[in-house]
Amino acid sequence: MDTKEIDILIGQIRETIQRRASGTLSIEKTNHVYRTLFARFNSLEKRHHSDRPGGYIKGVLHHHNIQNHSSLTAVLVQKEDATIPVAFAGDAILLQALPEIIEREAQSISAGNSVRIPLGDGSGHTHVMSLKKFETGNETIFVASVTSTPLFDLSGFDYIAEFACSVYERYSAYFVPPTLDYIQRLSSELVAVYESSMGVLYADHFILKNPLTSLSLAGTRTLIDFSEFIVQTLSDAYPEPVVVLVVSLADYLVLFDDGATSNADVRHNRIDILYNTNLVPYRSTRTAIDSPGALAVFIEEL
């Protein structure tokens with residue numbers, strides 16, 4: 001679960017209640033804000049529900065994250081010269097770092113064994129990846145889980161890893177590649193926000209310049225912190241609640257509608273994004289989405 005997004009949502013709900021209680025927010029405006037926040041809640045909840053086998057295993061991995069204090073749990077398959085995620089639940093930014101690490105460690109791991117690999121970056125924020133390897137016919141399957149707490153239970157991970165591997169073996173033909181799954185999820189969230197909006201939906205699209213190059217030597221914790229920082233910074237830059245969607249480490253959408261009148265006054269190309277005292281360069285555009293057709297075009301061009 002994307003806990004930072006949930007923290008932001010909870011903070012916006014708390015702020016709305018406080019503003020309404022103090023009389024600084026009208027009933028009409030309060031109702032509009034609640035509709036926006038409820039749409040965001042629904043989009044977050046839908047990430048973990050599906051009737052496909054691939055969606056079912058995603059739910060199992062999500063449950064493991066909650067019960068075993070994990071930031072990410074994923075199933076990956078080694079195909080020729082690449083290690084490809086086939087199902088995951090948790091931090092999508094952190095997922096990007098796993099294939100390279102697994103490929104580096106793969107040869108030293110025996111099938112059926114679990115190993116723990118520190119992922120610290122020297123900053124004091126250490127993540128540990130638990131990794132289990134399976135040899136099944138022509139495929140090598142890895143189940144990985146990343147945590148930053150000693151409360152993580154390796155035996156619980158082993159159980160989930162065995163279970164997830166068996167489900168993947170039986171239903172592998174049904175699994176949607178996570179890239180496509182993520183695009184579908186992002187599209188669903190955009191549609192949900194559009195359908196709950198009042199009048200025109202505005203999308204401020206922020207594209208950061210070369211964050212992967214700048215962070216190429218950073219540890220996994222830094223990548224997570226960076227993405228969470230961008231989400232929080234963009235959320236704070238607008239006076240009324242907004243929905244912030246993460247497209248990638250370098251790509252973010254800020255959504256609001258006609259009901260959030262003061263947000264329209266924000267100069268989206270004049271927001272200072274300072275990360276560790278360094279100014280993060282970016283370009284941004286604002287798109288007005290006033291019809292289902294316009295929404296379809298916007299999604300297609302993302």
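Brief remarks follow.
- Inter-centroid distance (Cα atoms) of segment 75-93 relative to segment 225-256, Å: 26
- Remark: segment 257-269, residue by residue, has Karplus-estimated 3J(HN,Hα) of 10, 4, x, 9, 4, 6, 5, 5, 7, 5, 7, 4, 8 Hz, where x stands for each Gly or Pro and the curve is 6.51 cos²θ - 1.76 cosθ + 1.60 at θ = phi - 60°.
- Label point at Leu302 placed 7 Å out along Cα→Cβ; residues across segment 236-255 whose backbone nitrogen lies under 12 Å: 244-248, 251-255
- Within-12-Å neighbourhood charge of Arg19 [Cβ basis; K, R +1; D, E -1]: +1
- Volume per residue of the convex hull around the Cα atoms, evaluated for segment 227-302, comes out as 95 Å³.
- Among 222-232, 95-105, the order from most to least packed when residues are scored by Cβ within 10 Å on average: 222-232, 95-105
- When you filter the trypsin sites (Lys or Arg not before Pro) in segment 254-302 for DSSP loop state and at most 10 other Cβ atoms inside 10 Å of their Cβ, you are left with Arg267.
None of the figures in this text is laboratory data; all of them are computed from the coordinates on show. This is a predicted model, so every value here is computed, not measured. Methodologically, a virtual Cβ is constructed for each residue, glycine included, from the backbone with ideal geometry; neighbour enumeration extends over all protein chains shown.
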